[in-house]
Amino acid sequence: MPFPLPTHEALLHRTDAPPGSSWHLFTDQPERGMANFAGPPQIRRATQCVRDGRALNLDYPLDAFDPPMSRSRGIPQHRITAMHDQARDDVLDNFHLQASTQIDGLRHRRASGHGFYNGVPDDEITPRSPRLGVQLWAETPLAGRGLLIDIDGLFHERGTPLDHVTGPALTAALLDEALDAQGCRVEEGDLVLVHTGWARWYLTTDPATRARTRAARRATGFAQSRSFAAWCWDHRIALMATDTFAVEVLPVLPDSDYLESAPEDAGMMHQELIAKLGLPLGELWNLTGLAADCRATGRWDSLLTVKPLHLTGGVGSPANATALR
């Protein structure tokens, strides 16, 4: 960025904005939040990642998670209509935009006691109002170097595969350990993709286990910790996307660092990442094929494009993510 930004530790001591927030620090397109870290220099650099001329899809089908992990969401019902026998149109009923591979917009969570990102008033978070809507990431799409961090591979190499039945909590330190094992590092503006194997496990495990997992709302993810928020901010990433249900572990850990600041969600970290830092969060991404390709080639980066639906005032969207290698 063309101006110095404080560390996460310094953000925690802000008195001109909610502690731990990046509110009002981005002067160009401020409502895009940390997506601003991936600008023209990062996009130009990312073009060097394209060597083989291959495109990899990172989205699961819209109806892959049937029923969705979130009990408030459903899969879309596809209808084909016809004005006459030579034409066809599509209609999707019950289309929940965050039921499969998705990106959380900055409307998705308020900061308890403070409000939406950058202090956007509640009465402006309405359909067709542009404030903080996902159309801001459609008008200026998220693009740059996608860096895959293979935590699933790290644990397999150690001979201790992740036990997704128990929904283990991951630490920020694991990100650095996996990066060391891969021989790469995060660069400013990277779109970080974390492969844990959870989504593939969930979709391929037996129906009874899947039902118990959904009923318990249990999913592998990152511990609710200031160290994870600091890792994301201090590395100046533009996106954190995982193949897990919520990025963070569920149920929320009883020793969450955010029990007091997020009482409505029992200490969830979403408010810190979305509402305070302005970090785009990707959930339920299909990273299986990309991870396999990275292992086979020994290269962990791609030119990544993320194009949410151009829905003015959207809270979230299918990711429409593609990795070019």
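Summary of values
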item	result
Percent carbon-and-sulfur accessible area, the chain, ignoring ligands, DNA and RNA, probe 1.4 Å	52 percent
For K307, net neighbour charge (Lys/Arg +1, Asp/Glu -1) across residues whose Cβ lies under 15 Å away	-1
Segment 170-325: radius of gyration over Cα atoms, expressed as a fraction of 2.2 N^0.38 Å	1.06
Peptide ranges 189-199, 288-298, 77-87 listed from the most packed, as the mean C-beta count within 10 angstrom indicates	189-199, 288-298, 77-87
Farthest positive-ward along the chain dipole, Cα basis, beta-carbon charges - from Q48, T140, G115	Q48
Kirkwood hydrodynamic radius (C-alpha pairs) into Stokes-Einstein, segment 230-270, 20 °C and 1.002 mPa s, D in µm²/s	187 µm²/s
Segment 93-161: C-alpha gyration tensor shape, a/c 1.5 cut-off, then a/b vs b/c	prolate
Whole-angstrom gap from segment 1-71 to segment 247-325, using each part's C-alpha centre	9 Å
Normalised per residue, the volume of the convex hull around the Cα set of segment 97-246 (Å³)	143 Å³
Under 14 Å, Cβ to Cβ, from S22 - net charge with Lys/Arg +1 and Asp/Glu -1	-2
Segment 1-124, dipole about Cα centre (Lys/Arg Cβ +1, Asp/Glu Cβ -1), debye to the nearest 20	460 debye
Prolate/oblate/rounded call for segment 24-127, Cα gyration tensor, a/c under 1.5 rounded	oblate
Fluctuation leader among D265, D123, D28 - the chain, Gaussian network, Cα springs under 10 angstrom	D123
Length released on extending from A10 to N94, taking residue separation times 0.36 nm less the Cα-Cα span	25.9 nm
Cα centre as origin, Lys/Arg/Asp/Glu Cβ charges: the chain dipole, Debye	460 debye
Cα centroid of segment 176-217 to Cα centroid of segment 132-155, whole Å	14 Å
Net charge of neighbours whose Cβ lies under 12 Å from the Cβ of H235, counting Lys and Arg as +1 and Asp and Glu as -1	-3
Estimated inter-spin distance, V50 and D180, nm [label 7 Å along Cα→Cβ]	3.5 nm
For segment 205-325, size of Cβ-based charge dipole, Lys and Arg +1, Asp and Glu -1, in debye	460 debye
Highest-fluctuation residue, W23, W137, W201 considered, GNM on the chain with Cα pairs under 10 Å	W201
Cα gyration tensor shape of the chain, rounded if a/c is under 1.5, else prolate or oblate by comparing a/b with b/c	rounded
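The values are calculated or read from the model by the stated rules, or taken from the named source; none is laboratory data. In this text, all values refer to a predicted model and were calculated from it rather than measured experimentally. Don't worry about glycine lacking a Cβ; one is built from the backbone with ideal geometry, like all the others, and counts go over all protein chains shown. Only protein heavy atoms, including side chains, enter the accessible area calculation; ligands, DNA and RNA are left aside. Shrake-Rupley method; radii C 1.70, N 1.55, O 1.52, S 1.80 Å.
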